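The values are calculated or read from the model by the stated rules, or taken from the named source; none is laboratory data. Remember, it's a predicted structure, so these values are computed and weren't measured experimentally. Neighbour counts are summed over all protein chains in view; Cβ atoms, including those assigned to glycine, are modelled from backbone coordinates with ideal geometry. All accessible areas refer to the heavy atoms of the entire protein, side chains included, with ligands and DNA or RNA removed. Shrake-Rupley method; radii C 1.70, N 1.55, O 1.52, S 1.80 Å.
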Amino acid sequence: MKLVGDLLKRFTRMLAIVLLVVIGSTVLVRFAPGYFSDVREMDPRYARSARAELSVESARSNAIIPLLSAEVGGWLRGNAGISRQYDVPVLDLILPRLAVTGSLMLRSIALAWTLALCASLLSSAGPHPSLLWQMPATLLLAIPTAAMATMCLLAGSGGPVLVMSLLLAARDFKFLDRILRKTWLDPHLLYARTQGIGVTRLIRAHILPSIASQLSALATLSIVTALGALAPVEVIFNVPGVGQLAWSAALNRDLPVLLTVTMLMALAVTFAGVISDRPAEWKNA
Amino acid sequence: MTFAHLARWLLTGLVLFAFVVLLVSRNSYSNQDRESPLAGASVLHPAGTDALGRDRLVRAAFALLLSTGGAVTASAVTTAAAAGVGTLAAFGPASVGWLAMLVCDVFLALPWLFLLMMVRSALPLTTSPANSAAITFLVLAALGWPACARAVYRGALGLRKAEWALQARAGGLRSGQTFRYALPNLLSLLLPQFLISIPAFVIAEANLGALGLGIGEPLPSWGGMLLELDNSALLVQTRWVYLPVALLILMLLLLEALVAEV
């Protein structure tokens, strides 16, 4: 019963945070000094129509409450509003892109975790942190995502999955190496090693269960990092995903699209946080 | 000499070198040599010129100083804000602490680069280059504090429960007065946060610039110079186009080495 109450409390907090994110984003974008500006205003051929559209938008979104209710109404109708930029229902834009982004993220996270876990297991087995493992990870962390993506594009090898995997793997490796190095020195593990228990069994039966909570926290961090890297990677590699759509919506002040993407991202991040930060009862169960 | 010492010296040398380049060079970052666009290395332009005939070395030096100066300032602002919010949340009434951490959670519920992109793009299209640089780093500082504030909050909460703090409160010291004594004890936490934020802000500025949302032209920035790499025709003509990326990575590596030491 306590577990259910705890979970309910967490989900309520999660929903409250998502709601606050949506309200905050709406206020931020709507009342930003550049909301009523459009690049087409600079082109004499489109300036007149752009200004007419902006004045309609200005009348529509004059106050924050009607604007928010219009957006919420869009979600209740099941189309999440109409995109200002493309003039189509937002859900029609987002749903096909969600599959692309989801697949990109899943493949990247899986590859990154495999790389990071293998590298950290090998690296942590040694007595001291080895430059052989640490240097490539540090180098990868020092390269901005956009620069790495551009270089991959120029080299003609490696795609969005590789760029995101390398970025995530470098970050995850640093954490995993530190955690594993500490775990290997636990007295019961040292004793087990002296008794001749095999490394595979030690990892499977002792190490992985003891670092499970840290691993789940790291998984959350991986999701947040991957979501953060989405926009530059998808824009540079021209992947038709949610990151590219968010970038285009941000450039064109497309509030309905921006709000839906914001809500999806906030939901993903907070949900991942709830999952990783499990209540004690859940762990025991 | 440790690697961090070496990194500190190299970083100082790099910044000094950038200053010297700007002082000695006869070209400014926006001067266009119309006679020699995309020129190779010469006495007048030691690292060649870009597509508009602007000196690449001067632009890279200026970008390095702008990025370092901006990131250090933004990091100082962020750390100060985080110190204020974190300690206020820990030493203030429970409701203030709860509210402060809720605000942090709201900020942290969105990936940082996405939030930056949203805020930066909401600014007017007609912002001047100098203003766009100031705004970019101001936005970085304004959005970078929640993660740091959470760490400070945890540290400050530990200090609040420390024996000396309990004794001080029992002796009649108010929370505000205890806070004064707690702040110096948080320096060991704030310094790493300050140093960690610097490379993070440099990377964020470069990523924003590469998305076309960073510092406006003709002011040189890492992100703006990364955009040059999109032009494959340009890459065939000169290898000097890779200079800014190489300098950026070198600078970030040195910063990472400094952070690793703390």
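For the protein assembly as shown, a Kirkwood hydrodynamic radius built from all Cα pairs, placed in the Stokes-Einstein relation at 4 °C and 1.567 mPa s, yields a translational diffusion coefficient of 51 µm²/s. For the peptide B:225-231, the mean number of other protein chain Cβ atoms found within 10 angstrom of a residue's Cβ is 3. A simple count of charges around B:ARG154, restricted to other residues whose Cβ falls under 13 Å of its Cβ and scoring Lys, Arg +1 and Asp, Glu -1, yields +3.
Summing +1 for each Lys or Arg and -1 for each Asp or Glu among the other residues whose beta-carbon sits under 12 angstrom from that of A:THR138 gives 0.
In terms of overall dimensions, the C-alpha atoms belonging to the range A:90-284 reach 64, 46, 21 Å along their principal axes, ordered largest to smallest.
In a simple Cβ point-charge model (Lys, Arg +1; Asp, Glu -1; nothing else charged), chain B has a dipole of about 840 debye relative to its Cα centre. Where does helix B:3-24 land angle-wise versus the long Cα axis of chain B, in degrees 0 to 90, nearest 10? For helix B:3-24, the angle is close to 50 degrees. Summed over both chains, the area buried between B and A is near 3400 Å², taken from the accessible surface of protein heavy atoms with a 1.4 Å probe.
Here the range A:129-220 has 67 percent of its accessible surface on carbon and sulfur atoms, given a 1.4 Å probe and all protein chains in place. Using a probe of 1.4 Å, the accessible surface attributed to A:LEU106 totals some 130 Å² when neighbouring protein chains are kept in position. To put it simply, the accessible area of the range B:131-238 at a 1.4 Å probe is 61 percent carbon and sulfur.
Computed over the range A:190-258, the Cα gyration tensor eigenvalues convert (square root of 5λ each) into semi-axes of 46, 12, 7 Å, ordered from largest to smallest.
Positive-end ranking of A:THR270, A:PHE173, A:ALA146 along the dipole of chain A, with charges on Cβ about the Cα centre, is headed by A:PHE173. Against chain A, whose longest principal axis comes from its Cα atoms, helix A:2-30 is set at around 40 degrees.
Projected onto their three principal axes, the Cα atoms of the range A:67-107 cover extents of 37, 19, 14 Å, largest first. The mean sequence separation of alpha-carbon pairs under 8 Å and at least six residues apart, normalised by the residue count of the range A:90-284, gives a relative contact order of 28 percent. Taking the alpha carbon gyration tensor of the range B:60-144, multiplying each eigenvalue by 5 and rooting it gives semi-axes of 29, 16, 10 Å, largest first. As a calculated quantity, the FRET efficiency between B:ASP230 and B:LEU166 at R0 = 45 Å, using C-beta atoms, amounts to about 0.15.
Axis of helix A:64-77 versus longest Cα principal axis of chain A: the two differ by about 70°, to the nearest ten degrees. Values of log10 I(q)/I(0) for the range A:46-200 across q = 0.12, 0.20 Å⁻¹ run -0.77, -1.17, by the Debye formula with one identical scatterer at each alpha carbon and no solvent. A full extension of the chain between A:ALA192 and A:ALA205 corresponds to an added length of 3.6 nm, given 0.36 nm per residue minus the alpha carbon distance. The listed peptides B:75-82, A:87-94, ordered by packing as a protection proxy, come out as B:75-82, A:87-94 (highest mean of other Cβ atoms within 10 Å first). Note on the range B:1-138: Cα Rg divided by 2.2 N^0.38 Å, N the number of residues, gives 1.48. Counting Cα-Cα pairs of the range B:70-203 in 5 Å increments starting at 0 gives whole-percent bin shares of 2, 10, 19, 19, 17, 12, 9, 6, 4, 2, 1, 0. Projecting the Cα positions of B:LEU115, B:ALA76, B:SER28 onto the charge dipole of chain B (unit charges on Cβ atoms of Lys, Arg, Asp and Glu, taken about the Cα centre) puts B:ALA76 furthest along the positive direction.
A:HIS206 contributes about 70 Å² of solvent-accessible surface, heavy atoms of the protein only, 1.4 Å probe. Throw me the Rg/Rh for the range B:97-175, computed over C-alpha atoms with Kirkwood Rh, two decimals. Over the Cα atoms of the range B:97-175, Rg/Rh equals 1.21. Annotation: chain B has a Kirkwood hydrodynamic radius of 20.4 angstrom, from the mean reciprocal C-alpha pair distance.
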